[in-house]
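Any read-out appearing in this document is the output of simple, stated calculations on the displayed coordinates, not a laboratory observation. Not measured: the values here are computed from a predicted model. Every residue, glycine as well, gets a Cβ built from its backbone with ideal geometry; the counts of neighbours run over all protein chains shown.
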């Protein structure tokens, strides 16, 4: 039977008496009564046509959505009960409330080997213990945390686990009796206590997992129910995973005859030596191009002695040398009764069976009975419903389509599909249906044809550790493993952990760009791990499980780069910007957002930063998060990133935003922003006994943040870089090239004394801007001659970007720095450096820069140095004229796009055009540059993006 007319959830069987439950003042006789009351409320809501128009509303029938949901805590659609949750547990924004946090600037390394983390596999997720560090840093017990791209809901787990003393201490923290939490250095920084969490995702598969990860469960009751179902399923379907142990030819023949005669009842003859299959290895079959003979890849290409796959191997029929990539698979034509179609699929054959007799494990090559059993199952009808949905065309579906896997049920061997359908048919009749389905879902990744086999390990007798699920892609290996789903379910049901007794989460399924029910300025902290470009095609990857749930992702607002969906980098950035605008709206002023970033492309990195800043956030820090264990894509792709980046951004407090409306475009507005920004930056960062340069406190990055703050709000930039640097030094104390507020510099000085050295910033010169920054760092430490700088500059400037007009060292020095020619007083910058020299200090006694003798003048002569702010302004004006002359040439350019140009000239031109509100010029010149250049340069992208917005508004 395979009818889609049957509801997924029918005829629920209760398992135990339940106690009365309360929700926001409402009392119910049981949890089931609570669930049905709110399901009826949800049913009424679904009748409202406007409700279904909410962006990202999933694709599914009302009853399937209702029965998958557990309202009010979780709905497989936009959750209409979130507003009640926020009002009841949240604290209204109070501008008078004192809240002050530096960004969590330390690098985090947290492994994935944790029972909770491993309970469910997913394409990508951040360990909850890593997230706990951020939540503890930024929040207090009872605060509300939000994650709009929640995936498996690790943010919710982390929020709740902040109340678990043992888990908090496992992070290396100390918890005092009053709940105060001390960091590794014994400094109090947080309080023990759970936080509340609101979790959202576009994918019903994701929110389903998130709900189950965060659901209070009676572990004993659940285990009892799961065992009952497992026993029933095994009693009915266990025969599918039997094999013969060291059989004689007569025993094989007898077993085949019994199978034909009695079907699944063949095991009644207990005289036969039965074993239970642990896993089966399947192999692709190829055609030899020389003799057309069939080549079983496992037999021909796997060297069993060396435990590896050969790059070249011989045809077993004609001896021809073969290479896999040049071979064609053998395709079989067969009738698929489930979809009433004739299909063509790549031929796979079983080549190895690992099985157990009692507690002992054995291996064998499949015999005639094993083949007959598989054939018997293939020819039988599955008596339970299972999905037969056609896989939608997508960026990640090419591989399965190429081997004839076109529908959901094709991803499973027939026996695993049968048992899975049986398991689900039993689970959905239980009062613990959603929890049981969650465990079944977590078993799927170990039970599809996507199981990869570790050849060296399997040949060394590695057992189940030789098999691993392929995540992040729809890929069918040429040598795959089939693990009985009964076994996978049995292993996963032990992962249930009773870590919560109370509901502290709300889960909703919709697009982040339109979150209904969350009040503006009501969220205390945001942690989010959003999709990054084309890394993962979530809706395509989740389709397999969503087909079982009958509720699918609405991928129209899915924020990804996807050719099939016709979404490029600009579409991705716009979708992300809309999501971050919602984050900005719901977050309280002055509070923080942490964004986990994983992608190796600069263009995606710039797009995400631009989206964050366009929303109104100010970026304060970027650090690393090491999740230790890589994904399939990371392990196999040499260009992939092994560590994630963590972006710390804040929503400016209401006072600054309100003042900025009047101060925008003025000098006072600039310094008001800088003061507020410096308040939120880390004061001192120590790593391995050394102080680190806090890049966000350097003059050029403070200038960049100030410029971005103005541009994102459509305002004029009131001063040049040189004017900004001059004003910065006049208003704020400077240490080690960084700037501080007066009360911060004392703390920095006290801590700086206690460390041995300062770690310098490592830089790569790829363009004019980075070359200037490199020279600035060199000359700040030591004024130098051209001859001294040249041998240092040449090696690091060999990676100049192809599109970038290369600048000679002499040009860079002349346009950005000053040189002492030996006449007049020795510049103070050079004199200060000379005073540090033990060989010159004695000679300089009694002399001043104005009275220095000829010897000292000669020592200072021809040295380049960083000009003081007053002279720097004159230098900048001269340089700007040169740059704008070049920009005028780019404006006049006709024909093909510019291939080589001076990016600094484009930036200068864009800045001038912005100040004149000449948005058209910015767009016209941008269109003359390669798209990749705009996408990979954050400053050009910022001007272009905002110019497009402003021009569209006029």
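General observations
- The range 810-953 pair-distance distribution - Cα-Cα, 5 Å bins, rounded %: 2, 8, 16, 14, 12, 9, 8, 7, 8, 7, 6, 3, 1, 0
- Relative contact order of the chain, defined on C-alpha pairs under 8 angstrom at six or more residues apart (%): 13 percent
- Label zone (residue 334, point 7 Å along Cα-to-C-beta; backbone nitrogen cut-off 19 Å) within the range 217-260: 240-242, 260.
- With helices as the sole contributors, the chain gives -12000 deg cm²/dmol at 222 nm; each DSSP H run of n ≥ 4 counts as -39500 (n - 2.57), and the sum is divided by every residue.
- FRET efficiency for the residue 886 to residue 781 pair, using the beta carbon distance and R₀ = 30 Å, is estimated at 0.45.
- Protection proxy ranking of 518-525, 611-618, by the mean of other Cβ atoms within 10 Å over each peptide's residues and highest first, is 611-618, 518-525.
- Computed from the C-beta positions of residue 101 and residue 320 and an R0 of 60 Å, the FRET efficiency is 0.30 to the nearest 0.05.
- The C-alpha atoms of the chain define a longest principal axis, and helix 219-237 lies at about 50 degrees to it.
- Relative exposure of 57, 362, judged by other C-beta atoms within 10 Å (fewest first): 362, 57
- Estimated at 0.36 nm per residue, the fully extended path between residue 514 and residue 260 surpasses their Cα-Cα distance by 85.5 nm.
- Tensor-based shape of the range 654-761 (alpha-carbon gyration tensor, a/c under 1.5 rounded, otherwise prolate or oblate): prolate
- Ranked packing of 575-587, 711-723, 337-349, most packed first, by mean Cβ within 10 Å: 575-587, 711-723, 337-349
- The C-alpha atoms of the chain define a longest principal axis, and helix 128-138 lies at about 40 degrees to it.
- FRET efficiency, 1/(1 + (r/R0)^6) with R0 56 Å, evaluated for residue 26 and residue 381 via beta carbons: 0.75
- This ranking places 375, 102, 696, 769 by how few other beta-carbon atoms lie within 10 Å of each, fewest first, which gives 375, 769, 102, 696.
- Tilt relative to the chain, helix 569-586 - C-alpha long axis, 0 to 90 degrees, to 10: 80 degrees
- Three-way shape call for the range 872-954 based on the alpha-carbon gyration tensor, with the a/c threshold at 1.5: oblate
- Mean separation of Cα pairs under 8 Å and 6 or more residues apart, divided by the residue count, gives the range 220-495 a relative contact order of 21 percent.
- Spacing of the two label points (7 Å from each Cα toward its C-beta) at residue 228 and residue 695, in nm: 5.8 nm
- Prolate/oblate/rounded label for the range 285-405 (Cα gyration tensor, a/c 1.5): oblate
- Antiparallel content of DSSP bridges confined to the chain, in %, to 5: 75 percent
- Difference of contour (0.36 nm per residue) and Cα-Cα distance, residue 401 to residue 177: 74.7 nm
- Alpha-carbon centroids, the range 820-876 and the range 531-580: separation in whole Å: 60 Å
- Full-stretch length increase - residue 303, residue 893 - with 0.36 nm per residue and alpha-carbon distance subtracted: 206.2 nm
- Here Cα Rg over 2.2 N^0.38 Å was computed from the coordinates, and among (1) 1.04; (2) 1.18; (3) 1.10 the match is (3).
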